[in-house]
Structures are given as structure tokens and as C-alpha cells.
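Visitor: The following block contains the structure, expressed as C-alpha cells.
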Amino acid sequence: MERSNVTSRRGFIRHLTIGVGSVALLAACGPAPAPTAAPAKPTEAPKAAAPAAAPTTAPAAAAPTSAPAAAKPTEAPKPTEAPKAAPTTAAAPAAGVVTLRLHARAGVEDEAFDKVLPGFEKAQNVKVVQEVFPGAEYPQKLQTLAAGGTIGDVLQAFTNSAMFQQFFVSGILAPIDDYIKRDKIDLSQWYKYSMDACVVDGKTGGLPFKSHPSRVGLFYNIDVFEKAGLKVPDLEWNYDMLTETAVKINKPPDVYAFSHPWHDIAYYPIMSRMYGGDFFTRDGKSTEIEKPESQQGWVWHYDMKNKHKVTVDPLQTAPTPQDLFVGGKLAMFRANVGTKAAFAKLDKFKWSMTLAPKGPKGNRGSLAETDVEGTTKASKNPDKAWELLKVLCSKEMGIALCQQTGNRSATPGGRPDVYNSPEHLGLPYPKGVQEVSLKAMNEAEEWRAPANFRGLEVQRLADEWSDLLLLDKEKPTAQFFSKLKAEIQTILDKPRP
């Protein structure tokens, strides 16, 4: 198996990056910078051949934990004209060996790929060439390859930025419904919301590669709490308890009480859900920000920053919340559950993780997120590409993903048999952390997003308006939210890109 770092010929392409997840510091899956436009339809490529007659049986799975269906997610960027990326030339494969090109992000899932894919190569008589790109450039690079007719066979795409949805409706990714039917694939192998996220306009464009409950982890420094004589957070906390504790423990610059995400496409719905509301309607055609229960989480964040003055400024870039936590100067911070991978070897103080507090209606504020692996319409070996897709979304790969080390993503595969596996539950984290991670996944709230895939436009708007609150240039009044609703609706009323 080979890996090639594919780069463009000009450095300016770095300024054309688009969102593939949420804030890089806190997200398990990647950053969410400002978007470019939606992808153009790719150069006409050979159509995928019909599935071969002999099926490969997919691995059976444990029955999934019930989770709500995901609504149509957000938009993906359109391509800005950019230099075409030229793949590094790989050595010629042995006679009869099929070469498959797998597009991935550099340094994110490579450890899991290197662990699992050699066995697949041997069994299927194929050679998998990993063509990797820096995470922030990844979607734009693939758009460039697609526009030039040089896209590979299998790729990872993201639902939270609508990269997956746009790649599918524009014809870059191929529908796999016939393969699913032919091989009698048991779709209950994956969490229901993860599988639902793979369906656009009634067609299946891929399988769940990895899934997580978004920014619902509450990390805390046990030593700081013990020194202050305070009880550590637990699953029964509410937001009033978090506020009261933050006021008592905040002693900057020695100890900062609390930090939370910001400028985050996933966090605005989470803020709106904390007190039982939501940001979007289930059909994704309008917003619910006008409802008092949807506004209360925004009011809480305003008060934490401007009334109680107990939060780290989320607009500061250095030190980051993660830096402060590792340095022992941050008592609590809210982040992706998968952020725990960065602390696996942290031993200068005791730490742990629970879930975010419960709101008055029992909501913690979570969001079911899924990354998808799909095969391209341009693949010259669609049957082999399908076999690779199944391995990438298998239990074996899902476990290998959660076992990754260093700065790689440790987000597991989106499968109940992975999250419930002894390999996942037995990872060397503080006692109870893995059980809490499983609970978060089982309770993840449904993904809601704009039906027109323009979520990143909504994020840009919400970034501006939320900053007005953060900087105390606006108050969280009914008039403020009424104006915000009107601005959001203007975007939601647009057609798909």
C-alpha cells in the first residue's frame, strides 16, 4: 500500500479552503473555515458498471442503539478555479493487480488504514494508493480533481459541511443502492442516524465511516476542583450548577473556569438545544431561533462571558483552550468527545470527562455527526471500489480508528458494535470516560440542517451575530433574535447551489 502527499503547484490555494467539519481545535474530524462555492459537475467519466453477480457478504453487526433520523445537512462549497493537483506517480502494480486510489486527509486516519488495508489488498489482489491532502485543503483538492476528470476511486466526505451531499448530487459520487441490494447488506450495522445521513433525495451515496455526538463532552481538571474544595461535574449537573461552580473556581490568570466552542457550524444548533429548543426545523426550511427555549442557550453564553466573566475569550487564538487545559490552567471545557485522544498520555494532573449538563427539558445539546465513504462515478473498477468501501466502513476499521494515537482522529466507526466493543470500552482513559462516550453516542440528538445545503452561509451569518453578543455590542433581546431570524430565513429561502 502506498501513500502520496498530493499538492498543488501554487501556494495560494491554501487561501481557498473550505469547511470540512468544525473548529480544528475541538472537532474530532476537522476544521470549518469559510466556504468557497459548490462543486461543478465533473468532466464526463465512464459510468460505473453494474454490480457483479457474486456478492461479498458484509460483516454482521449487533443491533443498533436507537437514534433519531438525520435531516438533510448543510451546504458544501463550490469550486474556485485552481491549479490541478498532480498525483505522485506510483510504481506499476504487478500483472493482474488492480490499483485503487483512495483520497484521504493527511495524518488523520493513516494509522488505521495502514493497519487494516494490507489484509484487504492481499485478499482482493488490489493495490490501494492513498492520495492524501492537508485537511483544510481536502475538499477543494478533490473538486479540482473531479473537474479535471482525474478523481480517484473512493473518497471520504463530510455531512456537516454538506461536502458529501454536494458531491453526490453533482455526480462525483455514485449511488450504491444496487450493491447494497445485491450483497444483502444489513444496514443496521451502523447507527440509524449515521445511515440516514448517507441518503440524499432517496438514494444512498455512501456508507458511514465514522460518527460522533459532537461537542457534548465536558472535560475537567480534577486537581483544580480538589484544591478548590468543590465537587467535580457529573451526569446530573444542570447549567445553573455549572455557572455557580465556574464563578467559584475562576481565578485568572492561574485558573480559568470554562471554555466552549465558537464560530462553529455545529455549535449554533447545540446552543439552541441546551434549553429544549432548536436552530433549524426538522425539514431544514426555516429556523426556530424565534422560540424562547431556542434563545436561552444563547443568553446563557452571553451571561457567562459578560455578566459572570468566567469564560475564556473564544475569539483568542493563543493560548487555545486545549493549551490551557494541558497546562493545568483550565478547570472545564466543552468539546468533542473525541478530543480525549489528545489527553491519553497526560499525567501532570488528574482529569476526566463527563457529558454537558442537562437543560430543563433533559437536553444536553448534542448533534449526530457522520463522515461518509463513497465510490466515485469515474472509477474504472467500481466492483473493487465497492469492496474497499465495505472494508473502510467495517467493524475492523471502526475499531482501528478508535485506537489511533498521537494527533490523529480517534473518532470510532459509526457502528454500535464498535462503540460497544471491548476494544473501544477498554481504551486507556480515566475510569468511566469510555462509558460516558458510549452514553453520548446512544443519546445523540438528530442532525438538522438547511435543506438547501447552505449551512456554511448560515454559519458565516451566525458568526457575525454571535460575536456581537460575545463582545457585548448587542444584548440577547427579542428584537435581536427577530432580526437574526429574518437574516437566516433569507438564506434558507435560496435554492440549492
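Visitor: Taking the Cα centre of each part, how many Å lie between segment 423-497 and segment 337-416?
Guide: Taking the Cα centre of each part, segment 423-497 and segment 337-416 sit 19 Å apart.
Visitor: So, how do all the Cα-to-Cα distances of segment 302-388 break down into 10 Å bins, in percent, from 0 on up?
Guide: The percentages, shortest bin first, are 12, 29, 26, 14, 14, 4, 0.
Visitor: To continue, here is another question. Full-extension gain between Lys361 and Lys483, please, as 0.36 nm times their residue separation minus the C-alpha to C-alpha distance. Please report the intermediate quantities before stating the final value.
Guide: Numbers: separation 122, 0.36 × 122 = 43.92 nm, distance 2.64 nm.
Extra length from Lys361 to Lys483 when fully extended: 41.3 nm.
Visitor: First measure r as the distance between the Cβ atoms of Asp114 and Phe349, then evaluate 1/(1 + (r/R0)^6) with R0 = 41 Å and state the FRET efficiency to the nearest 0.05.
Guide: 0.80
Visitor: Another question about this same structure. Within a Cβ distance under 12 Å of Ala400, other residues only, what is the Lys/Arg minus Asp/Glu net charge?
Guide: Here the count lands on -2.
Visitor: What pairs in Lys231/Lys329; Lys141/Lys340; Lys181/Lys390; Lys358/Lys485; Lys115/Lys390; Lys210/Lys494 have C-alpha atoms more than 20 Å from each other?
Guide: Lys141/Lys340; Lys358/Lys485; Lys210/Lys494
Visitor: Right, something else. For a Förster distance of 22 Å, can you work out the FRET efficiency between the beta-carbons of Leu235 and Glu423, rounded to the nearest 0.05?
Guide: Plugging the Cβ-Cβ distance into 1/(1 + (r/R0)^6) gives 0.35.
Visitor: List the residues, sorted by chain then number, that are 5 or more residues from Leu355 or on another chain and whose placed amide H is less than 5 Å from its amide H.
Guide: Long-range HN contacts for Leu355: Leu218.
Visitor: Could you tell me how far the Cα centroid of segment 166-213 sits from the Cα centroid of segment 104-146, in Å?
Guide: 19 Å
Visitor: Would you calculate the separation in nanometres between label points at Lys285 and Gln316, each defined as 7 Å from the Cα along the Cα-to-beta-carbon direction?
Guide: In this crude label model, Lys285 to Gln316 measures out at 4.6 nm.
Quick note: the coordinates plus some simple rules give every number you see, no bench work behind them. Here the structure is a predicted model, which is why all the values come from computation and not from measurement. Methodologically, a virtual Cβ is constructed for each residue, glycine included, from the backbone with ideal geometry; neighbour enumeration extends over all protein chains shown.
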